[in-house]
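Taking it in order: structure first as structure tokens, then the write-up.
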Amino acid sequence: MNSSILIKKKDKFFVEDVCIESIIEKFGTPTYIYSKQRIVDNFKNLESAFKNVDHLICFAVKANSNLAILNLLAKNGAGFDIVSGGELRRVIAANGDPKKIVFSGVGKTSEEIKLAIENNILAFNIESEDELIRIQEIAKSLNKKASISIRVNPDVNANTHPYISTGLKENKFGVSEESALILYKKAKTMDSILIKGIDCHIGSQITDLKPFEDSVKKLIALIDKLELVGIKIKHMDIGGGIGISYNNEKTIAFDDYAKAVFTLTKGRGFKILLEPGRVIMADAGAILTKVEYVKKTQDKNFAIIDAAMNDLMRPSLYGAFHKIFNTSETTDKESVFDIVGPICETGDFIGKDRVISIEPNNILVIMDTGAYAMSMSSNYNSRPRLYELMIDKHKIYTIREKETFDDLIKGEKVLSES
Ligand code: LLP
């Protein structure tokens, strides 16, 4: 388990060599911050666990799609897992290599498919027969060949939140093993399709190795059947999904994960692709937020902060837990607080029933928000999106400006009366 990026030195809190206070003086709150070192360490640790395996790590862009972060990962050798034309264009804008891109998602539009074929991506992860047919037609019209994997839904239970479980047969993702076999045979007859791989992604925030092993085993059984009909695959994409420790839960060690994959696939001669998002980014990020008001009622105590569900949806949407630290000195004793945002919804909470000492103007740090925070943010309640800051040793880089009011109303029009 990684240690926190928040370090206490002589009563002051730091991320890398930058004091939290100095960030706030310059940029105010709320603000997303990331530790560059942690991002690189996470990526390299996963790389090194797989060093004995021919592999490619395709970072799941949806976890955090900031250009500086994509560029940092690209420079360290990452490929990318994308799910839209927008993500494809982001990877290109960040100097990522399109030949290291896999394109997942159940609803790829014709424009997106065209853009991806024109950019010679590594593979489409195909999720339905209709999609396969559409890709064949578009590739043919462009006089090009499209490389594909079929995304198999292995029907394994990832034991995670139902909203982020994707590998059960009632989920909309991928196709069953039986349908996959039929689709591969069909793909083999298509003159603009190149069969490259096989793919699965069973869910997110998975803390148990077994569902991963079960799904790899099912893919291997399918690969054996494919070989019998003369279809040989070049890569096995095992998806993302490795969980992190939000609340001291036990997680999967990279070495155990790599060892399990190696044991199951050794000697097979194909490359392993991974699509991790959270495990690269989540613990590298935090949100700095200020307590605006403390509201104590007979039934509950509320700390009302300046960050809200539009900046971090995970608690509202999944009941997700994020650690929250108070970096300020307080004189009040600890009591039980709900830590809530200013948005006009009861679902706007960041932490519930936290035992903490809090006073107005205190600076809190919401931990593990490097993944699925900014990328899921919105302007709800006309709140501008926040600064994203990259901390690199003693330097602070603005990797996204805070939105202005003009940004908020961009493209809107007041109708003139006729
Ligand atoms: N590959 C595919 C096809 C995916 O759909 C996802 C995530 C990943 C890779 C990356 O999964 P990861 O390694 O990050 O677990 N918003 C939710 C997570 C949704 C994940 C969606 N798919 C959350 O905040 O928990």
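The values are calculated or read from the model by the stated rules, or taken from the named source; none is laboratory data. Everything numeric in this text was worked out from a predicted model, so none of it was measured. Virtual Cβ from ideal backbone geometry, glycine too; neighbours counted across all protein chains shown. Ligands, DNA and RNA are stripped out before the accessible areas are found, and what is left, the full protein with its side chains, is counted by its heavy atoms. Shrake-Rupley method; radii C 1.70, N 1.55, O 1.52, S 1.80 Å.
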* To do: With a Förster radius of 25 Å, plug the Cβ-Cβ distance of V336 and S245 into 1/(1 + (r/R0)^6) and report the FRET value to the nearest 0.05.
  => 0.60
* Apply the Karplus parameterisation 6.51 cos²θ - 1.76 cosθ + 1.60, with θ equal to phi minus 60°, to every residue of the stretch 68-75 and state each ³J(HN,Hα) to the nearest whole Hz, in sequence, with x for glycine and proline. => 5, 6, 4, 5, 4, 5, 4, 4
* Tell me which residues come under 5 Å, amide H to amide H, from N64 once H is placed; ignore anything under 5 positions away on its chain. => Y372
* To do: With just the Cα atoms of the stretch 36-279, tell me how far they stretch along each of the three principal axes, in Å, largest first.
  => 50, 39, 34
* Output ³J(HN,Hα) for the stretch 289-298: one whole-Hz value per residue in order, computed from phi by the Karplus curve 6.51 cos²θ - 1.76 cosθ + 1.60 with θ = phi - 60°, and x for Gly and Pro. => 9, 10, 7, 7, 9, 10, 10, 9, 10, 4
* Given the Cα-Cα distance of C344 and D17 and 0.36 nm per residue of separation, how much length would full extension add, in nm? -> 114.0 nm
* To do: Label the stretch 278-418 by shape, choosing from rounded, prolate and oblate, from the square roots a ≥ b ≥ c of the eigenvalues of the Cα gyration tensor; if a/c is under 1.5 it is rounded, and otherwise prolate applies when a/b is larger than b/c, oblate when it is not.
  => oblate
* Rg(Cα) of the chain divided by 2.2 N^0.38 Å? -> 1.05
* Burial order of peptide ranges 338-346, 405-413, 232-240 (average beta-carbon count within 10 Å, highest first) -> 232-240, 338-346, 405-413
* DSSP beta bridges in the chain, what fraction antiparallel, as a percent rounded to 5? -> 50
* **Heavy atoms of S3: accessible area, 1.4 Å probe, square angstrom to 10** => 80
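How large is the dipole of the stretch 36-279 about the Cα centre if only Lys and Arg carry +1 and Asp and Glu carry -1, each at its Cβ, rounded to the nearest 20 debye?
My answer is approximately 640 debye.
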* To do: Can you tell me which of 295-303, 249-257, 82-90, 53-61 comes out highest on packing, and rank the rest after it, using the mean Cβ neighbours within 10 Å?
  => 53-61, 82-90, 249-257, 295-303
* Asked: With every protein chain kept in the model, how would you rank H201, H394, H322 by accessible area, 1.4 Å probe, largest at the top?
  -> H394, H201, H322
* To do: For K234, enumerate residues with amide H under 5 Å from its amide H, sequence gap 5+ or separate chain, H modeled in the peptide plane.
  => G197
* With a 10 Å radius around each residue's Cβ, average the other Cβ atoms per peptide and rank 287-294, 127-134, highest first. => 287-294, 127-134
* May I ask you to derive the relative contact order of the stretch 119-173, considering only C-alpha pairs under 8 Å and at least 6 residues apart, and to give it as an integer percent? => 31
* **Which of V91, T160, L132, positive extreme of dipole for the stretch 36-279 (C-beta unit charges)** => V91
* Modelled label-to-label distance, N171 and S48, 7 Å Cα→beta-carbon offset: nm? -> 3.1
* **Between helix 254-265 and the chain: long-axis angle, C-alpha atoms, 0 to 90°, nearest 10** => 10
* Taking H as built 1.01 Å from N, whose amide H comes closer than 5 Å to the amide H of I343, not counting residues under 5 places away? -> M309
* Asked: How much accessible area per residue does the stretch 36-279 have, in Å², with a 1.4 Å probe?
  -> 42
* Note down the nm distance, to one decimal, between modelled labels 7 Å out along Cα→Cβ at K8 and at L67. => 4.0
* Asked: Residue farthest toward the positive end of the dipole of the stretch 315-418, with Cβ of Lys/Arg at +1 and Asp/Glu at -1: which of I343, V414, L386?
  -> L386
* Over 20 Å (Cα to Cα) - which of K140/K232; K185/K225; K172/K196 fall in this group -> K140/K232; K172/K196
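Which value at 222 nm does the chain reach when only helices count, each DSSP H run of 4 or more adding -39,500 (n - 2.57), with the total divided by all residues and rounded to the nearest 500 deg cm²/dmol?
Result for the chain: -8000 deg cm²/dmol, rounded to the nearest 500.
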* Asked: In nm, what is the difference between 0.36 nm times the number of residues separating K413 and Q298 and their Cα-Cα distance?
  -> 36.8 nm
* Let me know the shape class of the stretch 127-272, please: from the alpha-carbon gyration tensor, a ≥ b ≥ c as square roots of the eigenvalues, rounded when a/c is under 1.5, otherwise prolate if a/b is greater than b/c, or oblate. => prolate
* To do: Using only alpha carbon pairs under 8 Å that are at least six residues apart, calculate the relative contact order of the stretch 36-279 and give it in whole percent.
  => 20
* Please state the relative contact order of the stretch 311-418 as a whole percent: Cα pairs under 8 Å, 6+ residues apart? -> 26
* **Label-point separation, S382 to N143 (7 Å along Cα→Cβ), nm** => 5.3
